[in-house]
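One structure is given here, and the rest of the page talks about it.
The values are calculated or read from the model by the stated rules, or taken from the named source; none is laboratory data. All of these numbers come straight from a predicted model, not from anything done at the bench. Cβ sites come from the backbone with ideal geometry, for glycine too, and all protein chains shown count toward neighbours.
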Amino acid sequence: MKVNIQKTVSYLLIVTGLLLFFSKMVSAKECHTVYGGGEVCETGDLSIDKKVYNPEANQYWDNIDSNDYTFGPNEDVKFSLRIKNISNIKVDSARINDDFDRLDDYMVYVSSDKGDYRAQATDHKVKFDFGGLDPNEEVTVYFVSRFKNDGSIPAGTTCLTNIAHAYSHDDSTSDSDSASFCVKTDNGKIITTSTPSTGFDLGLVLALEALAFAGLGSLALKKASSIVKK
């Protein structure tokens, strides 16, 4: 009789443990009570690795220095984004927001394999939604953008940084990563910086200086001429 009771208790403990385990996997939350009442639930954590494609090396790099490769006007730029669940519980809602707003003045969005581009004036983002990710599960996605023509890009070499954010729940950033790269054009637009209203007009100052020197020169010539006549 005692043996049967022990077996029954053992089975119940095993079943209870399995139920708790699967309950955590399904709910994707790990909760514990806190002092004073209530409980706190963890929803998992994510990492993100963002890279940019180097056409010359035929590889995705973390960053591309201008000495290694420089893009040109109308050239495509490819990006990869790898997201991974680095926690020991399932993440219910894994998402990526790539902040394309930083590139919008120089580039246009072309396409992505799974993403959704939001082109609103205040929300230039490439968004990816992965649903749930199991512990240690990872997914890599890609998107392509293109530099504008040389008339829309500053003359010379311009280096840009693109940032992507990973979210495991709500709007709290779980991780961020960036990729830097450069573009060069010889016939781009010239960027001018206006002088602050409280500052000096450099052009006017130079013009006045030129007139002053011209006046001094004329005075010197008249003085020399009068000396010769004497």
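For region 112-127, the count of residues that are within 22 Å of residue 54 (Cα to Cα), among the charged types (D, E, K, R), in the same structural domain as residue 153 (by TED's automatic domain parsing) and out of contact with any Cys (no Cβ under 8 Å at 6 or more places or on another chain) is nonzero. Strands (runs of 3 or more DSSP E) fully within region 1-97 that include at least 2 residues being surrounded by 10 or more Cβ atoms within 10 Å (Cβ to Cβ) and at pLDDT 85 or above: 46-54, 59-61, 76-85. For region 141-172, taking the residues that are farther than 11 Å from residue 106 by Cβ and surrounded by fewer than 14 Cβ atoms within 10 Å (Cβ to Cβ), the one that is modelled with the lowest pLDDT is identified as 171.
Within region 135-165, the set of residues being assigned to a loop (DSSP other than H, G, I, E, B) and among the β-branched types (Val, Ile, Thr) comprises 153 only. Answer yes or no: is there a residue in region 126-134 that is surrounded by 18 or more Cβ atoms within 10 Å (Cβ to Cβ), in contact with a helix residue (DSSP H, G or I) (Cβ under 8 Å, 6 or more places away or on another chain) and either basic (Lys, Arg) or in a strand (DSSP E or B) (or both). Yes, the conditions are met somewhere in region 126-134. For region 135-152, enumerate the residues that are touching a Lys or Arg at 6+ places or on another chain (Cβ under 6 Å), touching a residue at least 60 places away in the same chain (Cβ under 8 Å) and of a type outside the set (Ser, Thr, Tyr). 141, 144, listed by residue number.
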